[in-house]
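Shown next, in structure tokens, is the structure this report addresses.
Nothing in this text is a laboratory measurement; each read-out follows from the coordinates by a stated rule. Treat the numbers as computed from the prediction; the structure is a model and nothing was measured. When we count neighbours, we look across all protein chains shown, and the Cβ atoms used for this are built from the backbone with ideal geometry, even at glycine.
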Amino acid sequence: MTPAEDRSIERIAVLGGGAWGTALALVAARAGREVRLWARDADTVRKLNEDHANPRYLPGITIDPPLFATTDLDTALEGAEAVLLVTPAQTTRAMAEALAPRLAPGTPVILCAKGIERDTGLLLGDVLREAAPGVMPAVLSGPSFAGDVARGLPTAVTIAATDGAVADRLSAALASPQFRPYAATDLIGVQIGGALKNVLAIACGAVAGKKWGASALAALTARGFAELTRLGLALGASRETLAGLSGLGDLVLTCGSAQSRNFAFGQALGEGASVAALMAEGQKLAEGVHSAAVAETLAARHGVELPICRAVSAVLESRLSIDDALTTLMTRPLKREA
């Protein structure tokens, strides 16, 4: 390892002023890093700088230690040795294009959104490589709710980069007694776990909304993990990664709590809300809505069976009612489990 590779990361830019972006900026600050947070919304920036709070996204939480926030991208990125990209998955390409001329070659950019690009079917790491070929793609994912992380509750995640030394440095830069990042090199596995668990959480939320009980919810979660594993392996992921924090760990969290936007979206569907109403302007973003159809397409391309993801996609596209989708899933033909 060269001295440059061994050097600790001291200055981090966090792009995204929502709940997750603010929580991760707090993680970096608590780990002793110099943090600059970029947000589009001037009022969010003012409250972060003056009131040490983000009441819109993290109500009731004091931002301590204080963060420096700005609406100016150049100011946020000045001297950044690593970037946490915490904007919605479907904006990754535009954000990467904005980053490309502003970062030194080889700067790690950690993707913190979980999804698949809707228009191309590409994983976000591949989008980053296309739009900003000079940077080093990395991914942060795992069982973590923004509110828990912001409050300093114990959390463990995975940080992956194809260069293991870079993954180690990034993990060390964000680590604290409350936030434990485990380094990995399997970008595909970490990304597939994060993207598919959102789709599967919509299905689990619908089961909860229908009040079908904990047994049905556990069964659907387990079969969802089988789907996640099948697609991940077909794309070249490691089985160990899929069974780890960013795969099974995140799936268990997201498929069992209304704190998850995707679970809450599915729960509302199960309770009778329409897809149109839940996707109306001003509603919270459920990234699984965008990933469902892409997952269905990827499955067909790779010859993988994903009945739960296919059912979610059919419901979201009004090809199937929520009642028919759930009934179909629970009455599939009997076969051997393995």
For the pair residue 153/residue 185, report the inter-label distance in nm, with labels modelled 7 Å from Cα in the Cβ direction.
3.5
Measuring from the lowest to the highest alpha carbon on each principal axis, how far does the stretch 260-338 reach, largest first, in angstroms?
43, 26, 23
At q = 0.17 Å⁻¹, the log10 of I(q)/I(0) for the stretch 164-317 from a Debye sum over equal Cα scatterers comes to -0.95
Descending packing, highest mean Cβ count within 10 Å first, for 52-60, 326-334, 262-270 is 262-270, 52-60, 326-334
Please list, in chain and number order, the residues 5+ apart from residue 114 or on another chain whose amide H is under 5 Å from its amide H, with Hs placed from the backbone.
89
Within the stretch 245-329, which trypsin sites (Lys or Arg not before Pro) sit in a loop by DSSP and count at most 15 neighbouring Cβ atoms inside 10 Å?
284, 319
Expected unfolding gain across residue 91-residue 212 under the 0.36 nm per residue rule, minus the alpha-carbon gap, is 40.0 nm
For the stretch 92-148: rounded, prolate or oblate by the Cα gyration tensor [a/c cutoff 1.5]
oblate
Near the amide H of residue 182, under 5 Å away, which other amide H atoms are found, from residues 5 or more places off or on another chain, if H is placed in the peptide plane?
157, 158, 159
Every cysteine in the chain with no other Cys Cβ under 4.7 Å from its Cβ, please list them in numeric order.
112, 309
What whole-number value in cubic angstrom gives the convex hull volume per residue for the C-alpha atoms of the chain?
130
Once you keep just the Cα pairs under 8 angstrom separated by 6 or more residues, what percentage relative contact order results for the chain?
14
Where Rh is the Kirkwood radius over the Cα pairs of the stretch 30-92, the temperature 10 °C and the viscosity 1.306 mPa s, what D in µm²/s does Stokes-Einstein return?
126
What is the count of Lys pairs in the chain whose alpha carbons sit under 22 Å apart, if the two are 8 or more places apart or on different chains?
7
Which residues in the stretch 189-212 place their backbone N less than 20 Å from a point set 7 Å from the Cα of residue 337 along the Cα-to-Cβ direction?
204
Any chance you could list P(r) for the stretch 187-253, counting all Cα-Cα pairs in 10 angstrom bins from zero, rounded to whole %?
24, 52, 20, 4
Let me have the relative contact order for the stretch 57-124, percent, based on Cα pairs under 8 Å that are six or more residues apart.
33
Return a whole-number percent for the relative contact order of the stretch 22-93, with Cα pairs under 8 Å and 6 or more residues apart as the contact set.
31
Please list the three semi-axes, largest first and in whole Å, of the ellipsoid equivalent to the stretch 130-172, using sqrt of 5 times the eigenvalues of its alpha carbon gyration tensor.
25, 13, 8
For the stretch 32-152, just the Cα atoms, rotate onto the principal axes and tell me the three extents in Å, largest first.
39, 30, 26
